[in-house]
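Here the structure comes first, spelled out in structure tokens, and everything after it is commentary.
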């Protein structure tokens with residue numbers, strides 16, 4: 001029987017790399033979702049959509065700002081843990097207002113809650129991992 005030894009420096013290096021990859025991927029998704037609302041649906045269209053859900057129209061601007069600033073913060077590695085946790089309510093709101101009714105699978109008509117739920121898990125993992133490599137928040 002062989003025993004494996006734990007190589008702490010290698011584990012730290014791979015965890016830093018994993019956190020970097022996850023941080024950039026999730027941050028990019030948030031920036032792209034901002035872009036969808038801003039460039040495709042337009043701010044006015046996004047406000048109207050929020051109002052059609054029974055939400056206050058100006059809330060759309062808050063969500064777009066959070067997606068852009070939060071996404072850029074994650075990409076840069078600035079306040080990664082805090083930003084990751086702060087973005088979770090946006091996804092919970094998306095599930096509650098839009099994605100729950102169509103069911104679990106995201107390929108369902110209207111998009112289910114599968115993708116936003118996975119995105120929440122990714123944000124929780126990011127909050128646990130922290131900044132990772134090449135982050136502004138790295139000490």
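Miscellaneous remarks
- No other residue among 29, 20, 74, 36 is on the phi < 0 side of the Ramachandran plot, surrounded by fewer than 15 Cβ atoms within 10 Å (Cβ to Cβ) and either without any contact (Cβ under 8 Å) to a residue 12 or more places away in the chain or assigned to a helix (DSSP H, G or I) (or both) apart from 36.
- Considering each residue of region 102-110 in turn, none proves to be assigned to a helix (DSSP H, G or I) and surrounded by 13 or more Cβ atoms within 10 Å (Cβ to Cβ).
- Test for residue 99: is it buried (at least 18 other Cβ atoms within 10 Å of the Cβ), under 30 Å from residue 138 (Cα atoms) and either touching a helix residue (DSSP H, G or I) at 6+ places or on another chain (Cβ under 9 Å) or without any contact (Cβ under 8 Å) to a residue 40 or more places away in the chain (or both): no
Every number here is computed from the coordinates shown, using simple stated rules; none is lab data. Keep in mind that this is a model prediction, so the values were computed, not measured. Cβ sites come from the backbone with ideal geometry, for glycine too, and all protein chains shown count toward neighbours.
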